[in-house]
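Data block below; observations after.
The values are calculated or read from the model by the stated rules, or taken from the named source; none is laboratory data. Predicted model only: the values in this text are computed from it and were never measured. Every residue, glycine as well, gets a Cβ built from its backbone with ideal geometry; the counts of neighbours run over all protein chains shown.
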Amino acid sequence: MSPDILSVAVRAVSFVALLQGAGIAIFVALFRLSLGSAASEIRRLGIWSAVAALPLLLSQVVLEAARMAGEFAGVLDWSLERLVLTSAAGAAFDARVAGVVLLLAGLAGSGRIAQVTGCGGSLLAAGSFALMGHTSVHPHRWLLAPALITHVLIAAFWLGAIPALYLAAVREAADVAGRLIEGFSRVAVWIVPLLAVVGGVMAFALIPRLAVLEQAYGWLLLAKITGFTLLMGLAAANRWRLGPAVALGTRRAFERSLAAEYVLIVGVLAATATMTSLYSPEPQ
Ligand code: HEM
């Protein structure tokens with residue numbers, strides 16, 4: 001296995017852990033009043049997700065030196081490691097670690113200050129994405145940075161909401177879970193299309209020619225759009241059919257649909273990690 005492949009795999013899993021922790025912090029802050037007995041379990045999952053992100057983020061930075069050297073021996077080259085830590089990847093790592101610390105502090109408490117702290121951690125984690133990558137070196141960075149931060153924040157919220165809603169459906173009384181799902185759907189119906197809009201704006205700005213859609217970057221972008229379309233189908237079924245059924249005591253189909261949504265989002269994040277690590281939106 002090459003350092004590139006391992007690095008992309010670690011990056012994809014770190015996206016899942018970091019964004020899940022960040023998303024759960026936002027979910028808890030938004031729906032704290034609708035959460036009953038599942039609240040502490042949801043917060044605990046957020047804490048474990050954030051904790052799991054730390055070694056993954058560190059491995060990602062360490063592996064970056066191996067990628068530069070083109071072989072795993074690069075991880076032991078301190079001059080390369082120092083170079084990574086002082087680069088944009090190092091700045092993103094620092095912001096992510098600071099974000100994780102805030103997430104942990106926020107999710108460990110339950111008051112207003114804890115929720116604001118947790119959301120600050122989510123913002124810092126999302127903001128770290130704008131410090132590196134294709135958008136950070138683009139002439140229209142002023143537009144792409146807020147677009148990317150919005151995109152990542154919504155992706156995090158969506159990813160974090162899935163296990164939170166699953167736990168609520170399993171642990172809460174049917175009427176409590178039903179109200180929570182209804183509240184989430186009311187927010188999601190506005191922000192999920194926004195994820196596609198800002199994603200589309202970024203794609204439009206980053207891709208100079210349609211020919212790019214015939215190379216690896218374009219294929220992965222099209223795979224993301226396909227994944228998003230399938231996710232919208234599941235989200236619509238949850239909104240109109242499966243979610244309301246939970247309030248009436250039928251939750252199995254909703255749980256299965258959430259599991260499918262989770263797998264699809266993880267797939268989209270893997271495609272994103274590959275596309276942003278290995279390929280360029282410039283025509284080859
Ligand atoms: C219509 C659907 C979507 C489009 C058009 C889209 C487009 C994009 C584009 C153009 C970028 C910037 C890539 C670059 O820097 O080269 C991006 C980044 C990103 N997208 Fe999406 N996306 C979509 C859906 C999603 C979904 C469903 C998720 C996850 C739930 C997601 C998660 C991310 C993440 C985490 C990044 C940041 C990657 C990084 O900077 O390392 N996207 N997306």
Failed condition for VAL13, given (1) crowded, with 17+ Cβ neighbours inside 10 Å; (2) within 30 Å of ARG179 (Cβ to Cβ): (2)
Might you let me know whether segment 100-108 holds any residue that is assigned to a helix (DSSP H, G or I), of a type in the set (Gly, Ala, Ser) and touching a Leu at 6+ places or on another chain (Cβ under 9 Å)? no
Considering every residue within segment 62-79, establish whether at least one is at pLDDT 95 or above and under 24 Å from VAL201 (Cβ atoms). no
When you look at ALA253, is it buried (at least 18 other Cβ atoms within 10 Å of the Cβ) and either without any contact (Cβ under 8 Å) to a residue 24 or more places away in the chain or within 16 Å of the ligand (Cβ to nearest atom) (or both), yes or no? no
Could you list all residues from segment 4-19 that are within 11 Å of the ligand (Cβ to nearest atom) and either on the phi > 0 side of the Ramachandran plot or not β-branched (Val, Ile, Thr) (or both)? ARG11, ALA12, SER14, PHE15, LEU18, LEU19
Restricting segment 177-230 to residues that are touching a His at 6+ places or on another chain (Cβ under 7 Å) and under 20 Å from LEU264 (Cα atoms), the one nearest to the ligand (Cβ to nearest atom) turns out to be GLY199
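One line per residue, one yes/no per condition, for (1) in contact with a Leu (Cβ under 8 Å, 6 or more places away or on another chain); (2) under 18 Å from ALA39 (Cα atoms); (3) part of a helix (DSSP H, G or I):
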{"position": "ALA126", "(1), (2), (3)": "yes, no, yes"}
{"position": "ALA130", "(1), (2), (3)": "yes, no, yes"}
{"position": "THR135", "(1), (2), (3)": "yes, no, yes"}
{"position": "ALA145", "(1), (2), (3)": "no, no, yes"}
{"position": "LEU148", "(1), (2), (3)": "no, no, yes"}
{"position": "LEU153", "(1), (2), (3)": "yes, no, yes"}
{"position": "TRP158", "(1), (2), (3)": "yes, yes, yes"}
{"position": "LEU165", "(1), (2), (3)": "yes, yes, yes"}
{"position": "VAL170", "(1), (2), (3)": "no, yes, yes"}
Scan segment 141-169 and report the pairs whose first residue is closer than 18 Å to ARG256 by Cβ and whose second residue is of a type in the set (Ser, Thr, Tyr) and part of a helix (DSSP H, G or I), with Cβ atoms within less than 6 Å and a gap of 6+ or a chain change. ILE162/TYR262
Segment 43-79, subset of a type in the set (D, E, K, R) and buried (at least 17 other Cβ atoms within 10 Å of the Cβ), residue farthest from VAL13 (Cα to Cα): ARG43
Can you tell me which residue is farthest from PRO208 (Cα to Cα) among those in segment 134-152 that are near the ligand (Cβ under 9 Å from one of its atoms) and buried (at least 17 other Cβ atoms within 10 Å of the Cβ)? VAL152
Inside segment 88-126, can you point out the residues that are within 22 Å of VAL137 (Cβ to Cβ) and free of Cβ contacts under 8 Å to residues at least 40 places away in the same chain? GLY90, PHE93, ASP94, ALA95, LEU124
